[in-house]
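Where a number appears in this text, it was derived from the coordinates with a stated rule and is not lab data. What you see is a predicted model, and the numbers here were worked out from it, not measured in a lab. Counting neighbours? That spans all protein chains shown, and the Cβs are built from the backbone with ideal geometry, glycine included.
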Amino acid sequence: MPENLPFEFFFSPAFSADPYPAYADLRAKGPVHRMGFPPGADAFVVVDYEHGRAALADQRLSKDLRNGPAWFGEMVAGTDPVLADNMLMSDPPDHSRLRKVVSKAFTPRRIELLRPRVEQITAELLDDMAGKGAAELIDAFAFPLPIIVICELLGVPDRDRDRFRLWSGALVEPSAEPEQVERRALANAELREYFGALIEARRAEPGDDLVSVIVTSGELDDKELRSTLALLLIAGHETTVNLIGNGTLALLRNPGQLRYLREHPERVPDAVEEFLRYDAPVERATFRVATEDLEIAGVEIPRGAFVHVSIGAAGRDPAAFDAPDRLDVTREPNRHVAFGHGIHFCLGAPLARLEGQIAFTALLARFPGLRLDCAPEELSWRFSGSILRSLSALPVAW
Ligand code: HEM
């Protein structure tokens, strides 16, 4: 039977600490449940693999929030979010046009060319860390690696990276409290201004960076340009940080798997896929809106309702994965949906995989004695209620 989950469901500290038992309980009751989030809306959450995967690719579920209830559309129009006019927030045909402009830069072949540079950045960050006996891994490694890489790829100065971190943090945290709403509005305005100025500069003097390629394509208006750049910057690092953070934590809590991987570094690519499944960096997909009355697993979803797909829950579904709560770095097959499914499948997946594989290979080789430097109960998660699963900090020693 579907449950009626309160608004607070995603926001409790116990849920952040370990959402998987709660998801297992729900899944036992059915694949789809009613959800009090966003407040005041008809909303549902899908917690199994089969229906979750299908919902991610269901064209009746729109990514354009203007298809939501009128009050929601007005709220969105009032705040004019910089993230509202990109591929992830669009349906075809706009989606195809917005994605095509950047897709050539993200093919596995193009991304493979970045390997030497990603290895070099990784080695430099680990060199800086190695001089000490302990470190906070998110600050020292998991955050800087992907942000430096995406800044270089876009052609954005990485000296601005601390500002990006603040802005993107404000945009990805749920805005339930007044100060969060205020932080978000400010970040929105500053990011819009930052990219507005950058677009002007590249238009006047194009270089061979990705920002110039996108700006001079002539396919996107200024609002879409700003939104696409903001999406690439934010999606380009908020997620990969969590792959490195959550994956390292999973290994440190499973010494047998850690030992195996040290002895078999050639299995790192499989281990990266397993980290993505086991503790998905994007815990829930961005929400979708039903464009017609429909049904998922026997539950009626009215037109205008929001649908959340829990990617984290799908990855722990025993109907799709043997012993899903066990970390198995040699898992085969591993058809996780950590990068989504369908037309919005993660554009950056080849880059995320490259970064993840290089990061874990180097980290394990360089720090043979790596261990957790706090009690597991002391770990905390960065945003309560967020769709991202982000550790606030990961103290390690060696
Ligand atoms: C481990 C790292 C990553 C994970 C787990 C991840 C996950 C995802 C997921 C689940 C989606 C689909 C969301 C939905 O359907 O609601 C997505 C879309 C997207 N991701 Fe990633 N991502 C990662 C890294 C990256 C990187 C490095 C980039 C680089 C710029 C990137 C760019 C994008 C873009 C542009 C989209 C939108 C695609 C579209 O709407 O067609 N991601 N990602």
* Structure fact -> When every residue in the stretch 253-303 that is within 16 Å of the ligand (Cβ to nearest atom) and aromatic (F, W, Y) is compared, the one farthest from D58 (Cα to Cα) is F275
* Structure fact -> Of the listed residues (I147, I234), the one being touching a His at 6+ places or on another chain (Cβ under 6 Å), assigned to a helix (DSSP H, G or I) and under 30 Å from F360 (Cα atoms) is I147
* Hey, could you check the stretch 273-304 for residues that are part of a helix (DSSP H, G or I) and crowded, with 23+ Cβ neighbours inside 10 Å and say which is nearest to the chain's Cα centre (by Cα)? => L276
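Each row is one residue, and each column tells you yes or no for (1) closer than 29 Å to S16 by Cβ; (2) in a helix (DSSP H, G or I); (3) not polar (S, T, N, Q).
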| site | (1), (2), (3) |
| --- | --- |
| V118 | no, yes, yes |
| P174 | yes, no, yes |
| Q180 | yes, yes, no |
| F195 | no, yes, yes |
* To do: Go through the stretch 185-197 residue by residue and tally those that are crowded, with 20+ Cβ neighbours inside 10 Å and either touching a residue at least 60 places away in the same chain (Cβ under 8 Å) or touching a helix residue (DSSP H, G or I) at 6+ places or on another chain (Cβ under 6 Å) (or both).
  => 4
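Residue-by-condition table, conditions (1) surrounded by 17 or more Cβ atoms within 10 Å (Cβ to Cβ); (2) within 13 Å of the ligand (Cβ to nearest atom); (3) among the basic types (K, R); (4) under 18 Å from the mean Cα position of the chain (by Cα):
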| residue | (1), (2), (3), (4) |
| --- | --- |
| L114 | yes, yes, no, no |
| V118 | yes, yes, no, no |
| T122 | yes, no, no, no |
| M129 | yes, no, no, no |
| A135 | yes, no, no, no |
| A142 | yes, yes, no, yes |
| L145 | yes, yes, no, yes |
| C151 | yes, yes, no, yes |
* To do: Determine if the stretch 24-33 includes at least one residue that is within 17 Å of R316 (Cα to Cα), out of contact with any strand residue (DSSP E or B) (no Cβ under 7 Å at 6 or more places or on another chain) and without any contact (Cβ under 8 Å) to a residue 12 or more places away in the chain.
  => yes
* Please enumerate the residues belonging to the stretch 198-207 that are touching a residue at least 24 places away in the same chain (Cβ under 8 Å) and farther than 17 Å from E224 by Cβ. => G207
* Enumerated helices (runs of 4 or more DSSP H) restricted to the stretch 1-90, each holding at least 3 residues that are over 21 Å from the mean Cα position of the chain (by Cα) and within 23 Å of G340 (Cα to Cα) -> 20-29
* Structure fact -> Those residues of the stretch 116-150 that are of a type outside the set (K, R) and without any contact (Cβ under 8 Å) to a residue 12 or more places away in the chain come to a total of 5
* Is it the case that some residue within the stretch 338-355 is aliphatic (A, V, I, L, M) and within 14 Å of E274 (Cβ to Cβ)? -> yes
* Structure fact -> Within the stretch 216-252, residues being away from the ligand (no atom under 14 Å from the Cβ) and in contact with a Pro (Cβ under 7 Å, 6 or more places away or on another chain) number 1
* Asked: Can you pull out the residues in the stretch 378-398 that are touching a residue at least 60 places away in the same chain (Cβ under 8 Å) and outside any loop (DSSP other than H, G, I, E, B)?
  -> W381, L388, L391, P395, V396, A397
* Asked: Pick from the stretch 41-95 the residues that are in contact (Cβ under 8 Å) with a residue 40 or more places away in the chain and among the basic types (K, R): which of them is farthest from the ligand (Cβ to nearest atom)?
  -> R60
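Here is a yes/no grid of residues against (1) without any contact (Cβ under 8 Å) to a residue 24 or more places away in the chain; (2) within 7 Å of the ligand (Cβ to nearest atom); (3) within 30 Å of E124 (Cβ to Cβ):
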| residue | (1), (2), (3) |
| --- | --- |
| R326 | yes, no, no |
| T330 | no, no, no |
| H336 | no, no, no |
| P350 | no, no, yes |
| I358 | no, no, yes |
| T361 | no, no, yes |
